[in-house]
1. Who wins for biggest fluctuation among I130, I46, I154 in a Gaussian network model of the chain, springs between alpha carbons below 10 Å?
2. How large is the charge dipole for the chain, taken about the Cα centre, if only the Cβ atoms of Lys, Arg (+1) and Asp, Glu (-1) carry charge, to the nearest 20 debye?
3. Between V139 and T44, what is the spin-label point distance in nm, taking each point 7 Å from the Cα along the Cα→C-beta axis?
4. So how many Lys-Lys pairs in the chain land under 26 Å Cα to Cα, not counting same-chain pairs under 8 apart?
5. Sorted from fewest to most neighbouring beta carbons within 10 Å, what does the list C10, C136 look like?
6. Using the charge dipole of the chain (Lys, Arg: +1 at Cβ; Asp, Glu: -1 at Cβ; taken about the Cα centre), state which of Q36, M1, A152 has its Cα farthest towards the positive end.
7. At 24 Å minimum axial length over the Cα atoms and a Kyte-Doolittle cut of 1.0, report the qualifying DSSP H helices in the chain, or say none.
8. For M35, M1, what's the fewest-to-most ordering of other Cβ within 10 Å of each Cβ?
Amino acid sequence: MEFVMPAFACIIVVFGLIKRVPVFDIFLKGAKEGMQILYNIAPTIIGLVFAVDLLRSSGAIDAICNFIEPVADYLGFPKEIVPMVLLRPVSGSGSTALLTSLYEQCGPDSFAGRVTSVLAGSSETTFYAIAMYFGCIKVKKIRHTLFAAIIADITAAVMSVITVRLYFGIS
């Protein structure tokens, strides 16, 4: 299996040579464009990572979770998934760490573990994606994107609970 990527690279180079394309020049041009994109989006990503770390280290995430948990419990959401619902749109690695922690705490086959698994697989790191895509093309006004993305994240959380309840017959 380890030969797949080198073989793929060789096929591209051979195909380029057959078509008389200056392969190395095209490669350098692509690398230069990639570095320019990285230069354009780095400040946005650094700011996003800083904000996530600030929220986690300050305890703001915990305070928000404590505020939301009674409402979530009343609506039938497992209170253990509230941190995941809040962190998933912001941080992929942070939400993966929460998923692992929840598995250790409740078990992967628990209701909360199953809901969190479905949520992790059916939602996006919204703020990261918006920062990447819009930062890359230098768009400052995202208009309705953020609102639509937050609605999609809320829908993913609600549908995760409903899906696990229906599939596993949990009432």
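Quick note: the coordinates plus some simple rules give every number you see, no bench work behind them. The shown structure was predicted, so the numbers you read here are calculated from the model rather than taken from an experiment. With ideal geometry, Cβ positions are generated from the backbone for all residues, glycine too; neighbour counts draw on all protein chains shown.
1. With Cα springs under 10 Å in the chain, the top fluctuation among I130, I46, I154 is at I46.
2. Dipole size: approximately 860 debye.
3. If labels sit at V139 and T44, their model points lie 0.9 nm apart.
4. 5
5. C10, C136
6. The residue sitting most towards the positive pole is Q36.
7. Passing helices, by number: 145-168.
8. Ranking M35, M1 by Cβ neighbours within 10 Å, fewest first, gives M1, M35.
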